[in-house]
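Right, one structure below, let's go through it.
The values are calculated or read from the model by the stated rules, or taken from the named source; none is laboratory data. Remember, it's a predicted structure, so these values are computed and weren't measured experimentally. For neighbour counting, all protein chains shown are included, and Cβ atoms are generated from backbone atoms with ideal geometry for every residue, glycine included. These accessible areas exclude ligands, DNA and RNA; they are computed on the full protein's heavy atoms, side chains included. Shrake-Rupley method; radii C 1.70, N 1.55, O 1.52, S 1.80 Å.
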Amino acid sequence: MKILCKILSLALTALFVSCSARKDKTIIIWTNNTDVVSYVELFNATHSNAKAVVVYKKEPARSLPPAQDESTPDIIIGPWLKNSSTRKNFSPIDYLFQEKTVNRHEFYSQVIDYGRINSKQYLIPVSFNLPAIMFNSQNEGLIAFDHLLDLDQVRATATEFNKLNRSDAFTAIGYAPSWDPDFLYTATKLSGAEYREKGTSFLWEQDALADSIKFLKNWTIHSNNDTTTEQNFQFRYLYMPKYRQVAGERCLFAYTTSNRFFTLTDAQSSILSFRWLVHDNKIPVEDDIVTLGLYNASENKAAAELFIGWLFKEETQQKLIERTENMKLDSVNFGIAGGFSSLRNVNEKYYPAFYRQLLGNMPPENFLVMPNILPFRWESLKANVIIPYLVDTTSTEEKKSIPTLEERIAEWTKQFY
């Protein structure tokens, strides 16, 4: 509670200051990321020639352009900025690389390229997250693979963990796909579903999606009997948080992401280990990448460029990570802006010092695969269209009819447009 109050206090301070921001040409930053408040505080403390303030926007991508009575932003930091309805609000910033304000070579190549649109750099990725499988470190001997696990390996290892009593009822299930809808979604990404923007909706690879659904359904049938058995087992034994689920002997694996895993407290994570979730030597980056853009109607572009150059320096991000640790915010937010930094050296040199389980276990750079361009309402589409479809189609329960993705998209459009 004290940590949350500290964040709120910082945020409110930044917001109040922003009311008169245009009077002295202060840099205005729109964001939904609470970490940025702390970053701005450090920037202001170390710069006498420029000051910045934060304006909180729950959904920055949906807040552009600003209302007539609003101060014009200079910088926007948040997810879902790379799509057809949002990217028109940003200025190309290739000149920042040419002028050495920002060094392109310090970034992961595929991560920095994510910010390119039509061969121009409109956005700079700030942070990203990755999918992982966590388990009790006492079960390390059961995991035959170091650092990485693919879906076949998860299924095989989980099935070996299963235990039945004399009545052929499960007393342990290694893992069940139906336990976590986010796992179902990630499995389809791993299998090549290739979700991508089409206007306000999306396209996908039908054959890959169908193959993924078949794989997940067969997993349930051949390993755990049926989804009813999986759900009943989860209801009976796995009603606690994921880190506690794998601490016991009822299940082997739980699905997670890097930001969730590394914001567990020391007490919660002390007995845990993890593997990155892969397929064909590829780790799919989570969809909600945090990016930074320079607003094309910025009224203080020179100072905004100064902030951007400062933020994407290795020594700056080292100080930001140390600041998060010193303020005891590391159990609330992970790394830089809630994820791995887009700067390669920051992850390799500084993260293992603060997140010990990353020592010798950093994700291979060449394995990172960025998501396609997605509509800015992707979270709503995912929650209301894709997840329900995957839950229905991977279930072993017989149903008279299951609405297609196209039918679900049409229904979603009626409700939200």
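What residue, among those in segment 193-226 that are under 18 Å from residue 374 (Cβ atoms) and basic (Lys, Arg), is surrounded by the most Cβ atoms within 10 Å (Cβ to Cβ)? Filtering first and then ranking leaves 196. Filtering segment 65-88 to residues that are touching a residue at least 60 places away in the same chain (Cβ under 8 Å), over 21 Å from residue 111 (Cα atoms) and either small (Gly, Ala, Ser) or surrounded by fewer than 22 Cβ atoms within 10 Å (Cβ to Cβ) (or both) leaves 65, 72, 85. Among residues of segment 243-254 that are over 9 Å from residue 134 (Cβ atoms), those with a beta-carbon under 6 Å from a residue that is in a helix (DSSP H, G or I) at least six positions away or on a different chain give the pairs 250/237; 251/245; 252/158; 252/161.
Restricting attention to segment 149-192, the residues that are among the aliphatic types (A, V, I, L, M), open to solvent by 40 Å² or more (accessible area, probe 1.4 Å) and in a strand (DSSP E or B) total 1. Tallying residues that are among the aromatic types (Phe, Trp, Tyr) and either farther than 20 Å from residue 258 by Cα or over 23 Å from the mean Cα position of the chain (by Cα) (or both) within segment 96-154 yields 3. Mind listing whichever residues of segment 163-173 are of a type outside the set (A, V, I, L, M) and closer than 14 Å to residue 227 by Cα? Within segment 163-173, just 170 meets the criteria. Can you tell me how many residues in segment 77-97 are under 16 Å from residue 200 (Cβ atoms) and of a type in the set (Val, Ile, Thr)? Residues meeting the conditions: 1. Note down all Cβ pairs under 9 Å where the first residue falls in segment 155-169 and is within 18 Å of residue 253 (Cβ to Cβ) and modelled with pLDDT of 95 or more, the second is loosely packed, with under 12 Cβ neighbours inside 10 Å and small (Gly, Ala, Ser), and they're at least six residues apart or on different chains. Within 9 Å, the pairs are 157/144.
Screening segment 24-89 for strands (runs of 3 or more DSSP E) wholly inside it with 3 or more residues that are under 30 Å from residue 315 (Cα atoms) and among the small types (Gly, Ala, Ser) returns no ranges. Which residues, taken from segment 109-140, are open to solvent by less than 10 Å² (accessible area, probe 1.4 Å), under 30 Å from residue 180 (Cα atoms) and of a type outside the set (S, T, N, Q)? The answer is 111, 125, 126, 128, 130, 131, 132, 133, 134, 135.
Step by step: first the residues of segment 385-417, then only those that are open to solvent by 50 Å² or more (accessible area, probe 1.4 Å), among the hydroxyl-bearing types (Ser, Thr, Tyr) and in a loop (DSSP other than H, G, I, E, B), then the one that is modelled with the lowest pLDDT. Which residue is that? This residue is 417.
Each residue in segment 227-271 was checked for being open to solvent by 50 Å² or more (accessible area, probe 1.4 Å) and of a type in the set (Asp, Glu), and 2 of them qualify.
Can you say whether residue 294 is in a helix (DSSP H, G or I), open to solvent by less than 30 Å² (accessible area, probe 1.4 Å) and touching a helix residue (DSSP H, G or I) at 6+ places or on another chain (Cβ under 9 Å), as far as the supplied structure shows? So that I can check it myself, show each step before the final result.
Details: in a helix (DSSP H, G or I): no; open to solvent by less than 30 Å² (accessible area, probe 1.4 Å): yes; touching a helix residue (DSSP H, G or I) at 6+ places or on another chain (Cβ under 9 Å): yes.
Considered against the rule, which asks whether it is in a helix (DSSP H, G or I), open to solvent by less than 30 Å² (accessible area, probe 1.4 Å) and touching a helix residue (DSSP H, G or I) at 6+ places or on another chain (Cβ under 9 Å), residue 294 comes out as no.
Of the residues making up segment 105-117, those that are within 20 Å of residue 76 (Cα to Cα) and either at pLDDT below 95 or not in a loop (DSSP other than H, G, I, E, B) (or both) are 107, 111, 112, 113, 116, 117. Can you tell me which residues in segment 43-54 are open to solvent by 30 Å² or more (accessible area, probe 1.4 Å) and in contact with a helix residue (DSSP H, G or I) (Cβ under 7 Å, 6 or more places away or on another chain)? Selection gives 51 alone. Per this entry, residue 382 is not counted among residues that are modelled with pLDDT under 95 and over 24 Å from residue 102 (Cα atoms).
Taken over segment 332-375, the criterion of being surrounded by 15 or more Cβ atoms within 10 Å (Cβ to Cβ) and among the small types (Gly, Ala, Ser) is satisfied by 335, 337, 338, 339, 341, 342. Among the residues here, residue 100 qualifies as open to solvent by 20 Å² or more (accessible area, probe 1.4 Å), of a type in the set (D, E, K, R) and assigned to a loop (DSSP other than H, G, I, E, B). Only one entry of 391, 369 meets the criterion of being among the β-branched types (Val, Ile, Thr) and within 18 Å of the chain's Cα centre (by Cα), and that entry is 369.
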